[in-house]
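Peer 1: The structure under discussion is supplied below as C-alpha cells; questions concerning it will follow.
The values are calculated or read from the model by the stated rules, or taken from the named source; none is laboratory data. Given the structure is predicted, the values throughout are model-derived calculations rather than measurements. Quick reminder, even Gly has a Cβ in these numbers, built from the backbone with ideal geometry, and neighbours come from all protein chains shown. Protein only, heavy atoms only, side chains kept; ligands, DNA and RNA dropped before computing areas. Shrake-Rupley method; radii C 1.70, N 1.55, O 1.52, S 1.80 Å.
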Amino acid sequence: MNISTRLLAPALLGMSLLSLAGAAQAAPLLSNAVAIGAVSAIASSNYGGPYTIDRTIDQSDLSGTYVSGVTSAAVVGGFTNLNTARGWHGAANVLNGTIVYDLGGLYTLDRVYLFWMNAGSANNIAGITVDVSSSASFAQFSTVGNLTAPTGPKNEVDFTSLATGQYVRLNWSALQGNYPGLNEFIAGGVTAAVPEPATWALMIAGFGMVGFSLRRRAEVSTPVTYA
C-alpha cells in the first residue's frame, strides 16, 4: 500500500460511515401518514371579511373533523366540503400570489389536500405549485407538487418526492373565475424523524475520520526544509 492509498483509506472509511448514517435515517413509511393542520396562514391578497385566510385552517366547512397529527390522512382523503362558502377569497383578478401555511413543527410531507370554494366550479386559485421549506422566509425550499386547476370539490396533490419542513407555500399563477379562492387546506405526512443516538455516533465518527485524513494529508504535503 503506497502512501497515497494509506492517506485515502481513512477518508473512504469516514465517507462509508456517513453513508451508513444516512441509511439509518431512511424515509418514513408514509402509508402511515396523518393529517396535519396549519397553526397559521398568510395570503398575499385578501378580499376581506368574512373570507379571511384563517377560514382555510379552521375545519369549518369540512364534512368531517380531524385531530392534527393523529387522524389518518386516508380518513381526511374521504372528506368533502359542505359548500357553505366558509373559506378564503383574494381580491378580484389577482392572477399571481401566494399562501404560506405554518404547520407549527417539522414534518416529512408527501401530499396536501385542497378543498375548493363553490365545490370547485368557480372563483378559486389555479396554476398552482407547492413549495416546502424549514424557513418562514423560504430562503431554501423544494417545489414538490403542482395542480393546473381544481377538478372537483377537493384535490389531493401528491408530491413528486418527500419534503421535510415546517412551512408550505401555495403559489398561484392563474384563476378559475374572477377571484382567488380556497376552502380548506390540510397537509399529509409524519413527524420528521430525529436521528437515533447510534446514528449520531456514526455521523460523528464519519466526520472525525474525514478530518483526520485531511490533517494527515496536510502534514505529509508540507515540505520539510533544513538550515
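Peer 1: Looking only at the range 145-166, how many residues end up being over 17 Å from Val76 (Cβ atoms), in a strand (DSSP E or B) and among the polar types (S, T, N, Q)?
Peer 2: The qualifying residues number 5.
Peer 1: Here is a follow-up. Restricting the search to the range 174-195, which residues are open to solvent by 40 Å² or more (accessible area, probe 1.4 Å), closer than 22 Å to Ile57 by Cα and either among the basic types (Lys, Arg) or part of a loop (DSSP other than H, G, I, E, B) (or both)?
Peer 2: Result: Tyr179, single match.
Peer 1: Follow-up question, since we're still on this one. Could you grab me the full set of residues in the range 87-102 that are buried (at least 20 other Cβ atoms within 10 Å of the Cβ) and of a type outside the set (Gly, Ala, Ser)?
Peer 2: First, pick out the residues of the range 87-102 that are buried (at least 20 other Cβ atoms within 10 Å of the Cβ): 87-90, 99-101.
Scanning the range 87-102 gives Trp88, His89, Ile99, Val100, Tyr101.
Peer 1: Please identify the pairs in which a residue from the range 72-83 that is free of Cβ contacts under 8 Å to residues at least 24 places away in the same chain has its Cβ atom under 8 Å from the Cβ atom of a residue that is open to solvent by 60 Å² or more (accessible area, probe 1.4 Å), counting only partners at least 6 apart or on another chain.
Peer 2: Pairs found: Leu82/Ser63.
Peer 1: Please specify each residue of the range 128-142 satisfying the condition of being within 19 Å of Thr108 (Cα to Cα) and surrounded by 15 or more Cβ atoms within 10 Å (Cβ to Cβ).
Peer 2: Looking only at the range 128-142, we keep the residues that are within 19 Å of Thr108 (Cα to Cα), and these are 129-142.
Thr129, Val130, Asp131, Val132, Ser133, Ser134, Phe138, Phe141, Ser142 - these are the residues of the range 128-142 that are within 19 Å of Thr108 (Cα to Cα) and surrounded by 15 or more Cβ atoms within 10 Å (Cβ to Cβ).
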